[in-house]
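Quick notes on the structure that follows.
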Amino acid sequence: MRSTTPSAQPSSPAPAELSRSGFLRGGSLALGAGTLGAALAAGGPAHADRTPDDKPGRGTGRGVDPNPGYRRPEITRLKTVTGPGITTRFRMEATDLGAPAVTPDGRILVIFGDTWEDAAVGGGWWRSPVGLYADPDRKLKHGLEWTSAVGGEEAVELVEYDHSGNPVSTILPGDILTVGETMYVWVMVNHGFGNVDHTEIWTSQDSGEHWERTAEMFPGDHLDGFSQQCTWFAHPTDGYVYLLTTGFQRDKEVILQRVPQDSILNPDAYETYGATGEGEQQQWAWGNAPTPVLGGHVGEMCLRIVEDKWVLTWFNAGLYRVDMLLANSPEEIRTPAYAETILWGCGWGQEDHERVAQLYGPYILPGSTLDDLHLLCSQWNTGAGWPYHVQQYRVEGVRRAMESLA
């Protein structure tokens with residue numbers, strides 16, 4: 001059974017309502033020292049004891065390095081992919097997230113969250129989610145290049161709705177999925193930011209050009225609030241889609257679910273993975289009540305198959321960083337073959353390739369390999385109001401790093 005008790009969800013429009021800026025600036029303040037909130041409140045990096053030459057995870061401190069042959073992946077902050085002069089022609093200078101998938105017709109479609117026309121949160125023409133197409137023939141090492149938007153020349157909402165209407169304020173994407181000729185987007189309907197009323201799945205039959213608000217899925221309190229934020233991917237042979245889900249509030253662990261690929265729109269077809277018993281008597285099985293497979297305080301996630309490994313990247317909100325793990329199957333995510341921190345949170349003015357201020361939302365780009373893996377990652381300076389954008393990061397040598405530990 002679950003080992004934690006989920007925190008109460010914020011309500012709207014009560015005084016405790018979670019604002020967008022509060023969510024990223026201090027949404028985890030109650031979680032204790034060392035968390036995202038504590039790090040940002042202090043105004044300094046999460047790892048201020050390091051010198052500029054230190055490489056996180058490389059064993060540069062005192063004592064004996066238990067893995068002297070380990071070679072950490074090399075991280076490059078490759079390119080800013082949204083913002084003025086980059087996505088201006090789509091009337092979307094301010095945006096975040098960026099969940100990608102390959103469309104049935106072979107393009108790359110990236111779905112973004114809250115979006116405004118000008119380079120500021122609140123800067124005119126608010127919509128969410130929106131989508132941009134990227135050139136699938138361009139090598140990832142050269143950075144994404146946008147070719148068009150869902151909607152044509154201007155990035156419009158996938159499905160139009162009234163942000164100011166009562167009670168909806170915004171609908172945010174969790175992740176995007178392609179199965180056969182159908183594309184699916186898992187979204188969270190917020191009644192006040194951070195208060196997820198329910199989840200929905202939207203579908204497209206024309207490679208993302210048009211979307212239908214197809215199915216209302218789960219209420220916000222489904223599985224004690226552990227089925228709001230989602231990442232998912234289709235198994236290539238067993239006929240299931242596997243989902244990792246958690247709450248939207250970045251205060252929960254992660255559970256594992258699955259659904260037959262031909263029943264994605266049927267809420268009754270979803271099955272949870274969990275353990276019974278304790279210690280040596282513990283047994284994990286599908287159909288049990290969910291048991292967390294990933295601990296901590298988890299934010300946005302991305303689950304993909306890269307070559308022959310199930311790769312998960314996620315915003316580790318409790319430790320203010322982006323982590324990665326590799327597993328041989330979805331069930332083995334709880335005991336991964338490899339794990340590493342890819343990006344470390346820090347303060348503004350203290351960034352480098354691996355240290356990123358107010359980071360969140362790491363998504364794996366199609367075309368990634370274990371030798372050359374690419375992420376989209378968001379950041380938002382909630383104090384200054386800008387940047388609020390998405391950047392591309394290159395992670396080289398994951399395979400080498402994993403093999404050096406064998």
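The values are calculated or read from the model by the stated rules, or taken from the named source; none is laboratory data. These figures come from a predicted structure and were not determined experimentally. In this analysis, Cβ positions are derived from the backbone assuming ideal geometry, glycine residues included, and neighbour counts consider all displayed protein chains.
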Legend entry - One residue from THR335, THR272, THR313, THR369 being at pLDDT 95 or above, over 18 Å from the mean Cα position of the chain (by Cα) and closer than 21 Å to LEU78 by Cβ: THR369
Inset, instruction - Answer yes or no: is there a residue in the range 230-240 that is surrounded by 23 or more Cβ atoms within 10 Å (Cβ to Cβ), outside any strand (DSSP E or B) and touching a residue at least 60 places away in the same chain (Cβ under 8 Å). - result: no
Inset, instruction - Specify the residue that is surrounded by the most Cβ atoms within 10 Å (Cβ to Cβ); the eligible residues are those in the range 110-148 that are of a type in the set (Gly, Ala, Ser) and in contact (Cβ under 8 Å) with a residue 24 or more places away in the chain. - result: GLY131
Inset, instruction - Confirm whether VAL64 is among the aliphatic types (A, V, I, L, M), in a loop (DSSP other than H, G, I, E, B) and without any contact (Cβ under 8 Å) to a residue 12 or more places away in the chain. - result: yes
Legend entry - Filter result for the condition that a residue is touching a Lys or Arg at 6+ places or on another chain (Cβ under 8 Å), surrounded by 14 or more Cβ atoms within 10 Å (Cβ to Cβ) and either at pLDDT 95 or above or aromatic (Phe, Trp, Tyr) (or both), over LEU265, LEU294, LEU325: LEU294
Legend entry - Total residues in the range 145-159, condition within 16 Å of TRP211 (Cα to Cα) and outside any strand (DSSP E or B): 8
Legend entry - Single condition ALA289 does not satisfy, out of (1) surrounded by fewer than 22 Cβ atoms within 10 Å (Cβ to Cβ); (2) in a strand (DSSP E or B); (3) aliphatic (A, V, I, L, M); (4) over 15 Å from the mean Cα position of the chain (by Cα): (2)
Legend entry - Conditions (1) assigned to a loop (DSSP other than H, G, I, E, B); (2) over 21 Å from THR87 (Cα atoms): number failed by LEU177: (1)
Inset, instruction - For GLN350, state whether it is farther than 21 Å from ALA99 by Cα and either in contact (Cβ under 8 Å) with a residue 40 or more places away in the chain or touching a Lys or Arg at 6+ places or on another chain (Cβ under 8 Å) (or both). - result: yes
Legend entry - Subset of the range 375-401 (residues that are farther than 11 Å from THR80 by Cα, among the hydrophobic types (A, V, I, L, M, F, W, C) and buried (at least 20 other Cβ atoms within 10 Å of the Cβ)): LEU375, TRP380, VAL395, VAL398, ALA401
